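Note sheet for the following structure.
The values are calculated or read from the model by the stated rules, or taken from the named source; none is laboratory data. Computed from a predicted model, the values in this text were never measured in an experiment. Backbone-built Cβ (ideal geometry, glycine too); neighbour counts: all protein chains shown.
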Amino acid sequence: MTAPPPFSVIEHETLDSTNDEACRLASDGVAEGTVVWAHRQKAGRGRRGRRWQSPEGNLYFSAILRPAASPAVAAQLSLVAAVAMADTLAELLPEGAPVEQKWPNDVLVDGKKIAGILLESSGAVADRVDWVVVGCGLNIAVAPDETTLPATCLAEEGATSVDRKAVLMALLDSLQRRRREWDTAGIAPVRTAWLSRARGLGHEITVRLPTHEFKGQFLDMDDSGALIVRLPDGSEKSVTAGDVFL
(Lines give C-alpha, C1' and ligand atoms only; values in the text may rest on other atoms or scores of the structure.)
Protein backbone atom coordinates (compact mmCIF):
# COMPACT_ATOMS: atom_id res chain seq x y z
CA MET A 1 0.00 0.00 0.00
CA THR A 2 1.30 3.43 -0.96
CA ALA A 3 2.08 5.66 2.01
CA PRO A 4 0.05 8.88 2.26
CA PRO A 5 1.95 11.98 1.12
CA PRO A 6 3.36 14.48 3.62
CA PHE A 7 1.19 17.40 4.61
CA SER A 8 1.48 20.80 2.93
CA VAL A 9 0.06 23.77 4.83
CA ILE A 10 -1.76 26.75 3.32
CA GLU A 11 -1.87 29.52 5.94
CA HIS A 12 -4.58 32.21 6.14
CA GLU A 13 -5.11 35.08 8.54
CA THR A 14 -8.91 34.78 8.44
CA LEU A 15 -11.44 32.43 6.85
CA ASP A 16 -15.12 31.88 7.34
CA SER A 17 -14.34 28.20 8.00
CA THR A 18 -11.27 26.09 7.33
CA ASN A 19 -13.54 23.11 6.57
CA ASP A 20 -15.50 25.08 3.98
CA GLU A 21 -12.28 26.15 2.25
CA ALA A 22 -10.79 22.63 2.40
CA CYS A 23 -13.99 21.08 1.00
CA ARG A 24 -13.90 23.59 -1.86
CA LEU A 25 -10.27 22.79 -2.62
CA ALA A 26 -10.88 19.04 -2.38
CA SER A 27 -13.79 19.31 -4.84
CA ASP A 28 -11.45 21.20 -7.19
CA GLY A 29 -9.01 18.29 -7.11
CA VAL A 30 -6.35 19.61 -4.75
CA ALA A 31 -3.91 16.90 -3.67
CA GLU A 32 -4.19 14.75 -0.57
CA GLY A 33 -2.17 16.15 2.29
CA THR A 34 -3.19 19.76 1.72
CA VAL A 35 -3.93 21.48 5.03
CA VAL A 36 -5.90 24.72 5.39
CA TRP A 37 -4.88 26.66 8.52
CA ALA A 38 -6.51 29.92 9.64
CA HIS A 39 -5.59 32.13 12.58
CA ARG A 40 -9.23 33.15 12.89
CA GLN A 41 -12.58 31.80 11.71
CA LYS A 42 -15.60 34.03 11.23
CA ALA A 43 -18.07 31.15 10.90
CA GLY A 44 -16.39 28.08 12.38
CA ARG A 45 -18.59 24.98 12.50
CA GLY A 46 -18.82 21.99 14.79
CA ARG A 47 -20.99 18.90 14.58
CA ARG A 48 -24.59 19.35 13.39
CA GLY A 49 -23.85 22.86 12.21
CA ARG A 50 -23.17 24.17 15.70
CA ARG A 51 -21.07 27.29 15.98
CA TRP A 52 -17.43 26.69 16.88
CA GLN A 53 -16.12 29.69 18.78
CA SER A 54 -12.87 30.75 17.13
CA PRO A 55 -11.02 33.42 19.12
CA GLU A 56 -7.55 34.34 17.92
CA GLY A 57 -4.81 32.41 19.66
CA ASN A 58 -6.29 28.95 19.16
CA LEU A 59 -5.68 26.46 16.35
CA TYR A 60 -8.08 25.83 13.45
CA PHE A 61 -7.12 23.61 10.54
CA SER A 62 -8.58 21.14 8.05
CA ALA A 63 -6.69 18.37 6.27
CA ILE A 64 -7.64 16.88 2.90
CA LEU A 65 -7.34 13.09 2.71
CA ARG A 66 -8.14 10.77 -0.18
CA PRO A 67 -8.41 7.26 1.27
CA ALA A 68 -9.24 4.36 -1.03
CA ALA A 69 -12.18 3.43 1.16
CA SER A 70 -15.95 3.14 1.26
CA PRO A 71 -17.91 5.87 3.07
CA ALA A 72 -18.39 3.61 6.11
CA VAL A 73 -14.68 2.84 6.40
CA ALA A 74 -13.60 6.40 5.64
CA ALA A 75 -15.76 7.57 8.56
CA GLN A 76 -13.23 5.86 10.85
CA LEU A 77 -10.84 8.72 10.10
CA SER A 78 -12.75 10.74 12.70
CA LEU A 79 -11.44 8.31 15.33
CA VAL A 80 -7.98 8.34 13.76
CA ALA A 81 -7.86 12.14 14.07
CA ALA A 82 -9.25 12.17 17.61
CA VAL A 83 -6.65 9.65 18.79
CA ALA A 84 -3.88 11.60 17.02
CA MET A 85 -5.04 14.73 18.82
CA ALA A 86 -5.04 12.98 22.19
CA ASP A 87 -1.59 11.50 21.51
CA THR A 88 -0.19 14.97 20.83
CA LEU A 89 -1.82 16.54 23.89
CA ALA A 90 -0.42 13.80 26.10
CA GLU A 91 3.05 14.75 24.84
CA LEU A 92 2.54 18.51 25.28
CA LEU A 93 0.90 18.47 28.71
CA PRO A 94 2.57 17.65 32.04
CA GLU A 95 3.13 13.96 32.68
CA GLY A 96 -0.01 12.27 33.94
CA ALA A 97 -2.40 14.94 32.66
CA PRO A 98 -5.83 13.28 32.29
CA VAL A 99 -6.32 13.43 28.52
CA GLU A 100 -9.65 11.80 27.68
CA GLN A 101 -11.70 10.92 24.61
CA LYS A 102 -15.42 11.79 24.69
CA TRP A 103 -17.68 10.10 22.19
CA PRO A 104 -17.92 10.72 19.36
CA ASN A 105 -15.00 13.06 18.61
CA ASP A 106 -14.15 15.44 21.45
CA VAL A 107 -10.91 15.50 23.42
CA LEU A 108 -11.00 16.53 27.09
CA VAL A 109 -8.50 17.31 29.80
CA ASP A 110 -9.80 16.40 33.25
CA GLY A 111 -13.37 16.58 32.00
CA LYS A 112 -13.01 19.94 30.24
CA LYS A 113 -13.23 20.20 26.45
CA ILE A 114 -10.02 21.23 24.73
CA ALA A 115 -10.51 20.00 21.15
CA GLY A 116 -13.02 18.71 18.63
CA ILE A 117 -13.07 17.02 15.24
CA LEU A 118 -15.41 17.57 12.27
CA LEU A 119 -15.33 15.06 9.42
CA GLU A 120 -16.85 15.81 6.00
CA SER A 121 -16.61 13.84 2.77
CA SER A 122 -17.68 13.71 -0.86
CA GLY A 123 -20.17 11.34 -2.34
CA ALA A 124 -18.87 7.90 -3.21
CA VAL A 125 -17.69 6.93 -6.66
CA ALA A 126 -17.86 3.15 -7.20
CA ASP A 127 -18.40 2.80 -3.43
CA ARG A 128 -15.32 4.88 -2.61
CA VAL A 129 -15.17 8.39 -1.28
CA ASP A 130 -13.41 10.91 -3.49
CA TRP A 131 -12.11 12.90 -0.52
CA VAL A 132 -12.39 13.38 3.23
CA VAL A 133 -11.79 16.64 5.09
CA VAL A 134 -10.75 16.33 8.73
CA GLY A 135 -11.36 19.59 10.56
CA CYS A 136 -9.70 20.15 13.93
CA GLY A 137 -10.15 22.86 16.51
CA LEU A 138 -7.80 23.03 19.50
CA ASN A 139 -7.90 25.56 22.33
CA ILE A 140 -4.32 26.74 22.79
CA ALA A 141 -4.39 30.20 24.40
CA VAL A 142 -8.11 30.76 25.08
CA ALA A 143 -10.83 28.63 26.67
CA PRO A 144 -14.08 29.81 25.05
CA ASP A 145 -17.14 30.42 27.16
CA GLU A 146 -20.74 29.63 26.21
CA THR A 147 -19.93 25.98 25.60
CA THR A 148 -21.99 22.89 26.49
CA LEU A 149 -19.06 21.46 28.43
CA PRO A 150 -16.64 23.46 30.55
CA ALA A 151 -13.67 24.34 28.34
CA THR A 152 -9.94 24.59 28.89
CA CYS A 153 -6.84 25.33 26.81
CA LEU A 154 -3.19 24.30 26.62
CA ALA A 155 -2.01 27.49 28.34
CA GLU A 156 -4.24 26.84 31.36
CA GLU A 157 -3.14 23.20 31.59
CA GLY A 158 0.61 23.92 31.67
CA ALA A 159 1.58 22.75 28.17
CA THR A 160 5.24 22.72 27.20
CA SER A 161 4.44 24.65 23.99
CA VAL A 162 1.67 27.09 23.11
CA ASP A 163 3.18 28.17 19.79
CA ARG A 164 0.45 27.52 17.23
CA LYS A 165 2.72 26.51 14.36
CA ALA A 166 4.75 24.15 16.55
CA VAL A 167 1.57 22.55 17.87
CA LEU A 168 0.17 22.24 14.34
CA MET A 169 3.32 20.48 13.12
CA ALA A 170 3.21 18.08 16.07
CA LEU A 171 -0.45 17.31 15.40
CA LEU A 172 0.18 16.68 11.70
CA ASP A 173 3.07 14.33 12.54
CA SER A 174 0.78 12.42 14.89
CA LEU A 175 -2.04 12.33 12.36
CA GLN A 176 0.36 11.01 9.73
CA ARG A 177 1.51 8.21 12.05
CA ARG A 178 -2.01 7.19 13.01
CA ARG A 179 -3.17 7.38 9.38
CA ARG A 180 -0.36 5.04 8.30
CA GLU A 181 -1.27 2.68 11.14
CA TRP A 182 -4.91 2.71 10.01
CA ASP A 183 -3.88 2.07 6.40
CA THR A 184 -1.82 -1.00 7.35
CA ALA A 185 -3.58 -2.44 10.43
CA GLY A 186 -7.14 -1.18 10.15
CA ILE A 187 -9.18 0.34 12.94
CA ALA A 188 -8.26 -2.13 15.73
CA PRO A 189 -5.20 -0.30 17.19
CA VAL A 190 -6.92 3.08 16.88
CA ARG A 191 -10.03 1.75 18.64
CA THR A 192 -7.87 0.27 21.41
CA ALA A 193 -6.09 3.59 21.91
CA TRP A 194 -9.41 5.48 21.94
CA LEU A 195 -10.96 3.15 24.51
CA SER A 196 -7.88 3.39 26.75
CA ARG A 197 -8.73 7.08 27.25
CA ALA A 198 -12.52 6.86 26.98
CA ARG A 199 -14.38 9.04 29.46
CA GLY A 200 -17.27 7.29 31.14
CA LEU A 201 -16.45 3.75 30.00
CA GLY A 202 -18.33 1.33 32.25
CA HIS A 203 -20.43 4.09 33.82
CA GLU A 204 -23.96 5.34 33.35
CA ILE A 205 -24.38 7.93 30.63
CA THR A 206 -27.23 9.88 29.10
CA VAL A 207 -27.51 9.78 25.32
CA ARG A 208 -29.41 12.67 23.79
CA LEU A 209 -30.89 12.16 20.33
CA PRO A 210 -32.83 14.70 18.22
CA THR A 211 -36.21 13.34 19.40
CA HIS A 212 -35.52 11.85 22.83
CA GLU A 213 -32.86 10.84 25.33
CA PHE A 214 -32.14 7.68 27.31
CA LYS A 215 -29.80 6.39 30.00
CA GLY A 216 -27.63 3.31 30.04
CA GLN A 217 -24.17 1.91 30.74
CA PHE A 218 -21.38 2.81 28.33
CA LEU A 219 -20.13 -0.67 27.41
CA ASP A 220 -17.95 -0.30 24.36
CA MET A 221 -17.36 1.28 20.97
CA ASP A 222 -17.46 -0.93 17.90
CA ASP A 223 -15.19 -0.86 14.86
CA SER A 224 -17.43 1.61 13.05
CA GLY A 225 -17.23 4.07 15.94
CA ALA A 226 -20.76 3.37 17.17
CA LEU A 227 -21.38 3.62 20.91
CA ILE A 228 -22.61 0.42 22.59
CA VAL A 229 -24.93 1.08 25.54
CA ARG A 230 -26.57 -1.42 27.90
CA LEU A 231 -30.11 -0.33 28.67
CA PRO A 232 -31.81 -0.82 32.06
CA ASP A 233 -33.67 -3.89 30.73
CA GLY A 234 -30.35 -5.57 29.92
CA SER A 235 -30.57 -5.16 26.16
CA GLU A 236 -27.84 -3.42 24.18
CA LYS A 237 -28.27 -0.46 21.85
CA SER A 238 -25.90 0.80 19.16
CA VAL A 239 -25.75 4.58 18.79
CA THR A 240 -24.26 6.12 15.65
CA ALA A 241 -25.20 9.77 16.24
CA GLY A 242 -26.07 11.78 19.32
CA ASP A 243 -24.65 13.64 22.32
CA VAL A 244 -23.37 11.96 25.46
CA PHE A 245 -23.56 13.32 29.00
CA LEU A 246 -22.02 11.72 32.07
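Determine if the stretch 134-145 includes at least one residue that is within 21 Å of SER17 (Cα to Cα), touching a Ser or Thr at 6+ places or on another chain (Cβ under 7 Å) and surrounded by fewer than 22 Cβ atoms within 10 Å (Cβ to Cβ). Scanning the stretch 134-145, I find at least one residue that is within 21 Å of SER17 (Cα to Cα), touching a Ser or Thr at 6+ places or on another chain (Cβ under 7 Å) and surrounded by fewer than 22 Cβ atoms within 10 Å (Cβ to Cβ), so the answer is yes.
VAL167 fulfils the conditions (1) out of contact with any Lys or Arg (no Cβ under 8 Å at 6 or more places or on another chain); (2) outside any helix (DSSP H, G or I); (3) farther than 26 Å from ALA69 by Cβ except for a single criterion, (2). Within the stretch 196-207, being under 18 Å from the mean Cα position of the chain (by Cα) and free of Cβ contacts under 8 Å to residues at least 40 places away in the same chain holds for one residue alone: SER196. When restricted to residues that are modelled with pLDDT of 90 or more, assigned to a loop (DSSP other than H, G, I, E, B) and out of contact with any Asp or Glu (no Cβ under 9 Å at 6 or more places or on another chain), the stretch 130-148 contains 1.
Could you say whether any residue in the stretch 161-169 is touching a Ser or Thr at 6+ places or on another chain (Cβ under 8 Å) and surrounded by 16 or more Cβ atoms within 10 Å (Cβ to Cβ)? So far as the stretch 161-169 goes, yes, one or more of its residues are touching a Ser or Thr at 6+ places or on another chain (Cβ under 8 Å) and surrounded by 16 or more Cβ atoms within 10 Å (Cβ to Cβ). Checked against (1) under 15 Å from the mean Cα position of the chain (by Cα); (2) crowded, with 20+ Cβ neighbours inside 10 Å, GLU157 passes all but condition (1).
VAL109 passes every criterion in (1) touching a residue at least 40 places away in the same chain (Cβ under 8 Å); (2) more than 19 Å from ALA143 (Cβ to Cβ); (3) hydrophobic (A, V, I, L, M, F, W, C) apart from (2). Just one of the listed residues (GLU213, GLU181) is of a type in the set (Asp, Glu) and modelled with pLDDT under 95, and it is GLU213.
Only one of the numbered conditions (1) of a type outside the set (Phe, Trp, Tyr); (2) touching a residue at least 60 places away in the same chain (Cβ under 8 Å); (3) assigned to a loop (DSSP other than H, G, I, E, B) is violated by ARG177, and that is (3).
Counting only strands (runs of 3 or more DSSP E) that fall entirely inside the stretch 17-117 and contain at least 2 residues that are surrounded by fewer than 21 Cβ atoms within 10 Å (Cβ to Cβ), the qualifying elements are 34-41.
Listed by first and then second residue, the pairs linking a residue in the stretch 208-229 that is farther than 17 Å from ALA193 by Cβ to a residue that is among the basic types (Lys, Arg), with Cβ atoms under 6 Å apart and 6 or more places separating them unless they lie on different chains, are GLY216/ARG230; GLN217/ARG230; LEU219/ARG230; VAL229/LYS237.
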